[in-house]
Amino acid sequence: MNAPTNSTAAPVLSVRNLTTSFRTDMGIVTAIDGVSFDLAAGETLGIVGESGCGKTVTSKSIMRLLPEHLTIYGPDSEVLFEGSDLMKANERTMRRVRGDKIAMIFQEPMTSLNPVFRIGWQLEEALKYHTDLNRSERRERAIEMLRLVEIPNPEHRVREYPHQLSGGMRQRVMIAIALCCEPSILIADEPTTALDVTIQAQILDLMASLKKKLNTAIMLITHDLGVIAQVCDRVLVMYAGRVIEDASVHDIFYRPQHPYTQALLESIPRSGGKERGKRLPTIEGMVPSLHELPSGCRFSERCRYCEDRCVQEEPDLLRAEDGRRVRCHFPLSTDRTAAARGET
Amino acid sequence: MTQPVAQPLLTPDRTDGTPLLVVENLVKHFPVRGGVFNRVVGHVHAVNGVSFSINRGETIGVVGESGCGKSTLGKCVIRLQPCTSGKILYEGADITSLSHADMMPYRRKMQIIFQDPYSSLNPRLTVNALLREAIKFHHIVPTSEINDYIVHLIETVGLRPDVRSKFPHEFSGGQRQRLGIARALAVKPEFIVADEPVSALDVSIQAQVLNLLMDLKDKFGLTLLFVSHDLKVIEHFCDRVLVMYLGNLVEELRCDKLHDEALHPYTTALLGANPINDPDQRRPLVVLEGDVPSPFNPPIGCAFAGRCPKVMERCRHEMPPLESKHHGQRVACWAVD
Ligand SMILES: Nc1ncnc2c1ncn2[C@@H]1O[C@H](COP(=O)(O)OP(=O)(O)OP(=O)(O)O)[C@@H](O)[C@H]1O
Ligand SMILES: Nc1ncnc2c1ncn2[C@@H]1O[C@H](COP(=O)(O)OP(=O)(O)OP(=O)(O)O)[C@@H](O)[C@H]1O
Ligand code: SF4
Ligand code: SF4
Ligand SMILES: [Mg+2]
Ligand SMILES: [Mg+2]
């Protein structure tokens, strides 16, 4: 499957046919199925989709952070990074990649920071592992990193424990640790979901300035479409383990081609309370269970445009000339979308 | 020719002007224990003298950062928690310190939908048992009609009647939130505190639950106190909004005026930090300096002073009073005249 190529930069990461299955009590379930995409240097790629669609499994598969004994990767899955396939890399290589080259931050910073060690020590440990700085250089760099993530008073803060920091500060410390070694890719899985909007704004602002400074490529997983609209360049929409649409953020919001993307966007209240008190369009029904996926299009049971062909045969993820990709037998035209939104 | 029927402006039955609920100077402090003797070493000032009123049929939003006292306010108002001081009037009657027995008729009228659809339903009760319990306790319908009534309730919240024999864990998050709503509705309440009813849900399911609440409001003329940290949801759903900061009510205004007439620097910061769903309207998010102060040891002056872009000397030692402006707007800030 072709992924769109970004004309300006060669991709730093190419994911091809990534398929991840789990052994479970109820047999083998395939959580993500044939996921392919490219990530360019300095690009922020958003990943959205309903709970359980495979966003976290995608990012953890790339990092090979899933429990090895329960996980089965597809035979032709590839994660191409710096000329080699991470799917074939050994654990030692992977350990160097994680943290050194590709860093990941998770939703709950409290569980990722060790509560019994001081902030400074945790940063210095990361530096010790990934750089050859000496002790005093590491101490200096730790303070510098805290300053970079805009923690006030870093000389003082390095001596504090995680519980002495606010949620926003803890998340910034996590970002500082993740960025210690100036990775070329940052994977952020719901980095602001547990935080308040004013703190979220700090984190997003910080990620934007780091991207500018270090040209880091960012994969941002979030369910907040407002965040996607404000910070992403491109968006991957997932549904039941499949990529169903991939387009620029503008196209996703203004010209979605997949009926699921369209329905998802319609169901959020408009900013500014423009349609106060009106009923919101909803997507009826539920995401299909991974154990009983429909044979045709995975969205067919809930799709308002579903036709016979959709139930019989699953559409491929097709790439148009402009680089957009959509997995639908009857992609929406611009007019149809506008009409459905009531803005003719 | 038929005359067009005059449509009620917002919701029916908000006519006579007597508020359904009046809250005066509500204070809730939680003791904090510590030390070797586990003595009370201080108090968390969760709610710090909040006053407001709600008319029948109205929906009031409560917004503010995590820990600012939204849930505590909601629970105190319906007396699920005793308040430290202050007064709560329901239909003009003071219910602040009613005995358990005297409170009984009000318990039925006031219900709550909890923040977390996963832990708020008793896992050992089937849907049927869950609803039956409350209906019998408050004698909502004669025993012979309970079964029909339960079916009716379940259908009202958009579930199929055959879910009656299921247990909570057999439902998705959205379905569980619907069950929470069914349970609140079962006793035919007039007033519901909805504590972040959609925060734990996926976007597409959020819309289903919001629509349901909206329908029920129209159908039963319900009055709601709607707690949320999501300004977009509040704006869409509520008539007025109360903005809280560290236990204090800092601004109250109509939702349709929110974008143009918000005056308090914290309200403007919330609006500015709220990411707009439109990639063509990108703007730098408003980033506040400083950190959230602790409710354990609140500052003496304005609680927002440590992060406020408009802070003045006076703000640091004197708490600004909540003052009335036009259209029922109220603001507590020294920089607003
Ligand atoms: N170790 C595992 N064993 C079995 N199934 C798993 C395992 N990990 C994840 N899954 C399943 O894979 C699917 C995708 O999960 P994933 O965590 O990627 O979802 P997500 O898109 O990140 O959702 P959310 O928005 O809720 O975080 C889910 O159906 C989940 O139940
Ligand atoms: N039972 C309790 N004992 C002690 N402190 C409490 C108790 N309940 C709440 N608090 C404290 O009171 C303050 C207000 O809490 P509350 O739950 O009302 O906040 P909230 O605005 O609902 O926050 P969130 O958005 O996170 O739900 C917090 O500092 C909280 O830690
Ligand atoms: S393939 Fe058919 S059912 Fe699937 S999204 Fe497209 S129109 Fe809908
Ligand atoms: S009183 Fe002072 S510190 Fe408080 S919000 Fe107003 S200007 Fe800011
Ligand atoms: Mg996830
Ligand atoms: Mg709460």
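The values are calculated or read from the model by the stated rules, or taken from the named source; none is laboratory data. Remember, it's a predicted structure, so these values are computed and weren't measured experimentally. Note: ideal-geometry Cβ built from the backbone for every residue, glycine included; neighbour counts use all protein chains shown. Side chains included, ligands, DNA and RNA excluded: accessible areas come from the protein's heavy atoms. Shrake-Rupley method; radii C 1.70, N 1.55, O 1.52, S 1.80 Å.
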Query raised in the report: Compactness ratio of region A:193-344: Cα Rg over 2.2 N^0.38 Å, N = residue count?
Result: 1.14
Query raised in the report: Debye sum, Cα scatterers, the protein assembly as shown, no solvent: what log₁₀ I/I(0) at q = 0.05, 0.07, 0.11 1/Å?
Result: -0.26, -0.52, -1.29
Query raised in the report: In whole Å, what are the Cα extents of region A:94-242 along the three principal axes, biggest one first?
Result: 47, 32, 27
Query raised in the report: If you average 1/r over every pair of different alpha-carbon atoms in chain A and take one over that average, what Kirkwood value in Å do you get?
Result: 21.4 Å
Requested in this report: Note the buried accessible area between B and A here, summed over both chains, with a 1.4 Å probe, in Å² to the nearest 100.
Outcome: 3800 Å²
Report task. Could you check which residue among A:Thr131, A:Thr19, A:Thr261 shows the biggest mean-square fluctuation in a GNM of chain A with a 10 Å Cα cutoff? Result -> A:Thr131
Requested in this report: Take chain A, connect every pair of alpha-carbon atoms lying under 10 Å apart with a spring to form a Gaussian network, then pick out the residue of A:Met219, A:Met26, A:Met63 with the largest mean-square fluctuation.
Outcome: A:Met26
Report task. Would you work out which of A:Thr30, A:Leu332, B:Cys315 lies farthest towards the positive end of the dipole of the protein assembly as shown, given +1 charges on the beta-carbon of Lys and Arg and -1 on that of Asp and Glu, about the Cα centre? Result -> B:Cys315
Query raised in the report: Got a number for carbon plus sulfur as a percent of chain B's accessible area, 1.4 Å probe?
Result: 52 percent
Query raised in the report: Roughly how many debye, to the nearest 20, is the charge dipole of region A:195-248 about its Cα centre, given +1 on each Lys and Arg Cβ, -1 on each Asp and Glu Cβ, and no other charges?
Result: 240 debye
Report task. Could you order A:Asp205, A:Asp322, B:Asp280, B:Asp239 by accessible surface area, starting with the largest, using a probe radius of 1.4 Å? Result -> A:Asp322, B:Asp280, A:Asp205, B:Asp239
Report summary line: Taking every DSSP bridge whose two residues both lie in chain A, the antiparallel percent to the nearest 5 is 60 percent
Report task. Calculate the tail of P(r) for region A:208-264: the fraction of all Cα-Cα distances greater than 18 Å, expressed in %. Result -> 35 percent
Query raised in the report: Do any residues of region A:213-242 lose at least 20 Å² of accessible area when the full set of protein chains is present rather than just their chain alone, and if so which, with a 1.4 Å probe?
Result: A:His223, A:Gly226, A:Ala229, A:Gln230
Query raised in the report: Rg and Dmax of region B:275-330, Cα atoms, in Å?
Result: 15.6, 43
Query raised in the report: How big is the Rg/Rh ratio for chain B, C-alpha atoms only, Rh by Kirkwood, two decimals?
Result: 0.99
Query raised in the report: Give me the log10 of I(q) over I(0) for region B:40-116 at q = 0.13, 0.17, 0.19, 0.23 Å⁻¹, as the Debye formula computes it from C-alpha points; what are the numbers?
Result: -0.45, -0.77, -0.95, -1.34
Requested in this report: Would you check the accessible area of A:Glu275, probe 1.4 Å, heavy atoms only, in square angstrom rounded to 10?
Outcome: 80 Å²
**Report entry** Complex-versus-alone comparison for region B:234-251, residues with a loss of 20 Å² or more in accessible area, probe 1.4 Å
**Finding:** B:Glu235, B:His236
Query raised in the report: Using alpha carbons only, what's the Rg to Rh ratio of region B:62-191 with Rh from Kirkwood?
Result: 1.00
Query - Largest-first principal axis extents, alpha carbons of region B:136-194, Å - result: 31, 27, 17
Query raised in the report: What's log10 of I(q)/I(0) for region A:48-139 at q = 0.17, 0.21 Å⁻¹, Debye sum over Cα points only, no solvent?
Result: -0.93, -1.18
Report summary line: If one builds a Gaussian network model of chain A from Cα atoms under 10 Å apart, the most fluctuating residue listed among A:Arg319, A:Arg304, A:Arg64 is A:Arg304
Query raised in the report: In chain A, carbon and sulfur make up what percent of the accessible area (probe 1.4 Å)?
Result: 49 percent
**Report entry** Mean projected area in nm² (Cα convex hull; one quarter of hull surface) for region B:182-337
**Finding:** 11.5 nm²
**Report entry** Expected 222 nm ellipticity per residue - DSSP helices of 4 or more, -39500 (n - 2.57), all of chain B, to 500
**Finding:** -8000 deg cm²/dmol
Requested in this report: Mind putting a number on the dipole of region B:65-202 about its Cα centre? Charges go on the C-beta only, +1 for Lys and Arg and -1 for Asp and Glu, and I need it in Debye to the nearest 20.
Outcome: 280 debye
Requested in this report: Take the Cα pairs of region A:119-162, get the Kirkwood Rh, then feed it into Stokes-Einstein at 4 °C and 1.567 mPa s and tell me D in µm²/s.
Outcome: 126 µm²/s
Query - Kirkwood-Stokes translational diffusion coefficient of region A:152-220, alpha-carbon pairs, 10 °C, 1.306 mPa s, µm²/s - result: 124 µm²/s
Query raised in the report: When all protein chains stay in place, what accessible area (Å², nearest 10, 1.4 Å probe) is found for A:Ser184?
Result: 40 Å²
Requested in this report: Treating only the Cβ atoms of Lys and Arg (+1) and Asp and Glu (-1) as charged, compute the dipole magnitude of chain A about its Cα centre; round to the nearest 20 debye.
Outcome: 760 debye
Query - Mean accessible surface per residue for the protein assembly as shown, computed with a 1.4 Å probe while every protein chain stays in place, in Å² - result: 45 Å²
